[in-house]
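Structure record follows, encoded as C-alpha cells.
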Amino acid sequence: MTHIVHKGLDFFVKPQKVSLNLNMKIGSLKVHPEDLKLLMKKVPVFMMSYYDNKAFMERELEISSADFPNGVVFFSYYEPVPAELNWDVDKKLISQLTKYFHLYDLVHSINSLIDETEGSSLHIGVYEEWLDRIMVKVPSENTEELRNMLSRFSLLYTTKILWKIFRGNFEELKKKTHEIAYKLYEVAGF
C-alpha cells in the first residue's frame, strides 16, 4: 500500500511508515522532521491510500500530537466507508479471491449485476450467466471451488455490505466502489 499525506496541491509528502488501528480509527506516521514542521502548519490534512489505480481511499486526519525530533505524527482519522467493513467480512475468502481477481473488478461486476436486475428479482439463470462471465480459467479440479468462493463473496457483498452495512443504499455503495475495494484489500492484510 502507498500513502500520500496532502493538503490539496499546496503540500504533499510520502510517509516513511504508516501504522493504522483499523478498529479504533487512530494511527501514526513517520516523516522527515522538516516535513513534519510543514505538515503541522497545514492542518487539517488528508491521506490518500492506494493499493493501485483502481483501489484507493482518502482519509481525513485529525492530528492529536507530534514527536518533532523523530518526525512522528499521531492522529485519528475519518474514512468515507462504514466502520463495519473492518470486521464484518471474511478475510480468508477475500485473500483467496485476490489470487484470481482484482477486488475492484469483482465489486464493480457485482454492482453491474445488481444494476441489470433493478426492478426485477434476481433469477438463478441471470446469476449463473454472471458467474460464467466472471469466471477465469483455472484447472478443472479448481473450477467448482472458485465458483463456490464467488458465490460466497456475492452473498457476503449483497447481504452484509449492501443490506447490513449500507442499509440497502445501492447508489451510495456504487459511489464508493474504489474505496470498498481498497478497504477489502486493507482488511485482508495486503
Based on the mean of other Cβ atoms within 10 Å per residue, sort peptides 176-189, 65-78 so the most packed one is first.
-> 176-189, 65-78
For helix 124-134, report the angle its Cα long axis makes with the longest principal axis of the Cα atoms of the chain; keep it between 0 and 90° and round to the nearest 10°.
-> 50
Charge dipole (debye, nearest 20) of the chain; +1 at Cβ of Lys and Arg, -1 at Cβ of Asp and Glu | 620
The answer for trypsin sites (Lys or Arg not before Pro) in region 20-109 that fall in a DSSP coil and have at most 12 neighbouring Cβ atoms within 10 Å is Lys99
Looking at the square roots a ≥ b ≥ c of the eigenvalues of the Cα gyration tensor of region 83-187, which shape do they give, rounded for a/c under 1.5, prolate if a/b is larger than b/c, or oblate?
-> oblate
About its Cα centre, what dipole magnitude does region 83-187 give when the only charges are +1 on Lys and Arg Cβ and -1 on Asp and Glu Cβ, stated in debye to the nearest 20?
-> 340
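Over all pairs of distinct alpha carbons, what does the Kirkwood formula give as the hydrodynamic radius of the chain, in Å? Display every interim value, and only then the final one.
On the way: mean 1/r = 0.0548 Å⁻¹.
Answer for the chain: a Kirkwood hydrodynamic radius of 18.2 Å.
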How far is it, in nm, from the label point at Glu34 to the one at Lys91 when both lie 7 Å from their Cα along the line to the Cβ?
-> 3.9
Taking Cα centroids, how far is region 123-169 from region 1-76 in Å?
-> 36
Sparse-neighbourhood loop sites, chymotrypsin sites (Phe, Trp or Tyr not before Pro) in region 82-172 - DSSP loop, at most 10 other Cβ within 10 angstrom | Trp87
To the nearest 20 debye, what charge dipole does region 2-78 have about its Cα centre, counting +1 at the Cβ of each Lys and Arg and -1 at the Cβ of each Asp and Glu?
-> 40
Please identify the GluC sites (Glu not before Pro) of region 122-160 that satisfy two criteria: DSSP loop assignment and at most 10 other Cβ atoms within 10 Å. Which are they?
-> none
Can you find, among His108, Ser28, Phe56, the residue farthest towards the positive end of the dipole of the chain? Put +1 on the C-beta of Lys and Arg, -1 on that of Asp and Glu.
-> Ser28
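Bear in mind these aren't lab numbers, they're just calculated from the coordinates by the rules spelled out. The shown structure was predicted, so the numbers you read here are calculated from the model rather than taken from an experiment. Here Cβ is always computed from backbone atoms with ideal geometry, including for glycine, and neighbour counts include all displayed protein chains.
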